[in-house]
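Here the structure comes first, spelled out in structure tokens, and everything after it is commentary.
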Amino acid sequence: NFGDKLWYTADIHMGNLHVRSRYVADLAKAVDFLVVLTDLKHNILHVGSEDSSFPERVRGAIRVVLPSHAATAESIGLRYKLVFQRSMCPQMSTPMTKDLDAVLEAWDGLRPFWSSLRGKRSSAREYMQCLVQLERNFANFRAAFAAAVARSGGRVEKWMARVDEAEEEARPLREQRLQSCELQCMWTEERVQLQAERMERRRERAERSAMSGQDKLSHRCARLLGVEGRAALRLRRLASRWLRLAAKFEARAAQTARHAASNERREREKEERRVALQRRKERDERWKRLKRGDLTMGEMLARCPMPQSDLGHRGRQGSSADSWP
């Protein structure tokens, strides 16, 4: 709100880069600006070539996206700044500016001072090394930040005073965290050493126990077994091995015999099925010939001859062709 009027703006964040449109009183226009900036962000993060650097992708996206929406940087009122945060310090940023090249040059100048642990888990030792590196590089960071502020057109004295004040506030907290990391690293090293010593003692104890058991067994065997005893023990072992091999061979022979019997049974069943099928075919063929409508008695007698005794008996009883089976 500025006075009695409500104003709107659109902005996006891409890592340390913050892009904002100008303030407008029309919400629909602000939404249009947001659509353009969202497309711009998508093009920078997902469409640009991975081999190119971040400044090159930003410049290429602005050259491609804005004309596709029939817009220009001046019509949207694009403003740029870098937002970052040093360890234990409040969030800091460079002055907002219209000059994209100045912001990208500042990004190149401040890039060596971004934390390498940002966005990932780290151990206490890595975090401690990062804190020490921040302390060592503060003078270089201050000079690079002053150059970035000068490129953006801000008052260098005012912005450097903010940086110095934030650093003074963060230094005691950073020292406390550094001491805590040192204590944690020392405790971790001591725990690793104690664990290594415990494992070494356990290994030595196991080796001594194994050697003692072997010595006791060897002395006992030497005391109880003479030459004859050792020979008898060897013979018993050989006999036991021979029995195991004989049982194995017998089991294998029985299995082979079972397989042979099974194969023979299958072949016999197969032959029986073949013979039954052949007989069924012959019977069906015979009945097919006998059931013809033009079949004569002579053909029937020629195809199915009967004994003379049966013919005489059936002739005396006056049998007909219908009585034939």
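Observations on the structure shown:
- Among (1) open to solvent by 60 Å² or more (accessible area, probe 1.4 Å); (2) at pLDDT below 90, the one test that ILE44 misses: (1)
- Residue match in region 287-295 (condition: at pLDDT 75 or above, assigned to a helix (DSSP H, G or I) and surrounded by 10 or more Cβ atoms within 10 Å (Cβ to Cβ)): yes
- If you go through region 148-162 and pick out every residue that is in a helix (DSSP H, G or I), open to solvent by less than 70 Å² (accessible area, probe 1.4 Å) and farther than 13 Å from ARG111 by Cα, you end up with 7.
- No other residue among SER309, SER262 is hydroxyl-bearing (Ser, Thr, Tyr), in a helix (DSSP H, G or I), open to solvent by less than 100 Å² (accessible area, probe 1.4 Å) and modelled with pLDDT of 85 or more apart from SER262.
Residues are listed down the side, and each one gets a yes or a no for (1) farther than 17 Å from LEU100 by Cβ; (2) under 42 Å from the mean Cα position of the chain (by Cα); (3) assigned to a helix (DSSP H, G or I); (4) of a type in the set (Phe, Trp, Tyr):
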site	(1), (2), (3), (4)
HIS18	no, yes, no, no
VAL35	yes, yes, yes, no
LYS41	no, yes, yes, no
SER52	no, yes, no, no
GLU56	no, yes, yes, no
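- Among all residues of region 169-178, there is none that is within 30 Å of THR97 (Cα to Cα), modelled with pLDDT under 85 and in contact with a strand residue (DSSP E or B) (Cβ under 9 Å, 6 or more places away or on another chain).
- Checked against (1) under 25 Å from GLY153 (Cβ atoms); (2) surrounded by fewer than 18 Cβ atoms within 10 Å (Cβ to Cβ); (3) out of contact with any His (no Cβ under 9 Å at 6 or more places or on another chain), ILE62 passes all but a single condition, namely (2).
- Candidate set from region 102-126 (those that are open to solvent by 60 Å² or more (accessible area, probe 1.4 Å) and assigned to a helix (DSSP H, G or I)); member that is modelled with the lowest pLDDT: ARG125
The values are calculated or read from the model by the stated rules, or taken from the named source; none is laboratory data. Bear in mind that the values here come from a model prediction, so they are computed numbers and not experimental data. Cβ: placed from backbone, ideal geometry, glycine included. Neighbour counts: every protein chain shown. The accessibility values were calculated without ligands, DNA or RNA, using every heavy atom of the protein model including side chains. Shrake-Rupley method; radii C 1.70, N 1.55, O 1.52, S 1.80 Å.
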